[in-house]
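First up is the structure itself, then whatever we jot down about it.
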Amino acid sequence: MSSHTKGHARHDTALIHGLSGSEVQTLSETCIEAKGRAYCPYSNFRVGCSLLLTNGTIVQGANVENAAYPVGTCAERVTIGTAVVQGARKGDIRAIAVATDISPPASPCGMCRQFIREFCELNMPVFMYDKEGKSTIMTLEQLLPMSFGPEKLLSTDEIANGGRDDLARSTSELGNA
Ligand SMILES: O=c1ccn([C@H]2C[C@H](O)[C@@H](CO)O2)c(=O)[nH]1
């Protein structure tokens, strides 16, 4: 299946990364709608984002800029932060969609990829919509290979024992990274 398709053309029974056509349609509509709520007077670069949660809920967000430029926050972090304070945790997010006004579509910045990594599975699809509403789809793992996540941190026992030296475990983690 092509990974570059017009969001509105899907047959409802088609599964894209385990999502139905109507779920993908909802993601595309909600992230594009969220783009309209961006607060971006400095860059004029609108980014909308939406998440599909396992309970069927959609969470939306957009970039929120600031006169002190680095203080501004990307759409992806606004949206995931909103979901997290509503109670969502790792395993609760089935897909993320991002919309911008450029073609080919923008992909989440490096900081956002790491932020997404904290709360999402590596095989979660990231839908990126361009200015025409056409999408490119990649998994989080494709966007952030060999990533660092919470499971890499050492427990107090491991710290007391001088680290983690289970070769089999580190090798398999690398393979799944
Ligand atoms: O992945 C990205 C990249 C950029 N932006 C925002 C930040 C800033 O407000 C504007 C220009 O960088 O776009 C996002 O929301 N997500």
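Summary of computed values
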quantity	calculated
Residue satisfying condition, being of a type in the set (Phe, Trp, Tyr), loosely packed, with under 13 Cβ neighbours inside 10 Å and at pLDDT 95 or above, within set PHE119, PHE148	PHE148
Some residue of region 43-56 being closer than 19 Å to GLN86 by Cβ, in contact (Cβ under 8 Å) with a residue 12 or more places away in the chain and part of a helix (DSSP H, G or I)	no
Residues of region 62-98 that turn out to be within 23 Å of ASN123 (Cα to Cα), near the ligand (Cβ under 10 Å from one of its atoms) and over 12 Å from the mean Cα position of the chain (by Cα), as a count	0
Helices (runs of 4 or more DSSP H) completely within region 107-167 that count 2 or more residues being more than 16 Å from the ligand (Cβ to nearest atom), in contact with a Lys or Arg (Cβ under 9 Å, 6 or more places away or on another chain) and among the polar types (S, T, N, Q)	none
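The values are calculated or read from the model by the stated rules, or taken from the named source; none is laboratory data. It should be emphasised that the depicted structure is a prediction, and the values quoted were computed from it without experimental measurement. When we count neighbours, we look across all protein chains shown, and the Cβ atoms used for this are built from the backbone with ideal geometry, even at glycine.
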